[in-house]
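> Sharing a structure here in structure tokens format.
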Amino acid sequence: MIAALPRKCRQIFELRKIRDLSQREIARRLGVSENVVEKQTARGLLLVLRALAEDGADVGAARQGARLTP
């Protein structure tokens, strides 16, 4: 599911959620603003949660945190 994310979104999502880098560090490495990192991380999470929900996974509590609509 992560592999299906758009390239830039996937890159930022992996650095933030898998490698656990700070928004500041990711922004510095990629030459983008921290706001871009924050928005792309949220977008990635939303898309992953939607894909999981479509596959029948129970994303219950995560749904509200990511503003995922049923």
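The values are calculated or read from the model by the stated rules, or taken from the named source; none is laboratory data. It should be emphasised that the depicted structure is a prediction, and the values quoted were computed from it without experimental measurement. Because the Cβ atoms are built from the backbone with ideal geometry, glycine has one as well, and the counts that use them run over all protein chains shown. Just the protein is used for accessible areas: all its heavy atoms, side chains included, with ligands, DNA and RNA removed. Shrake-Rupley method; radii C 1.70, N 1.55, O 1.52, S 1.80 Å.
> Residues in segment 1-53 that are among the basic types (K, R) and either outside any helix (DSSP H, G or I) or open to solvent by less than 60 Å² (accessible area, probe 1.4 Å) (or both): how many?
1
> Right, next: What pairs come out if I take residues in segment 37-60 that are in contact (Cβ under 8 Å) with a residue 24 or more places away in the chain and farther than 15 Å from R10 by Cβ and pair them with residues that are open to solvent by 40 Å² or more (accessible area, probe 1.4 Å) and not small (G, A, S) whose C-beta lies under 7 Å away, six or more apart or interchain?
L52/M1
> What single numbered condition from (1) among the aliphatic types (A, V, I, L, M); (2) in contact with a helix residue (DSSP H, G or I) (Cβ under 7 Å, 6 or more places away or on another chain); (3) in a loop (DSSP other than H, G, I, E, B); (4) modelled with pLDDT under 80 fails to hold for A57?
Exception for A57: condition (2).
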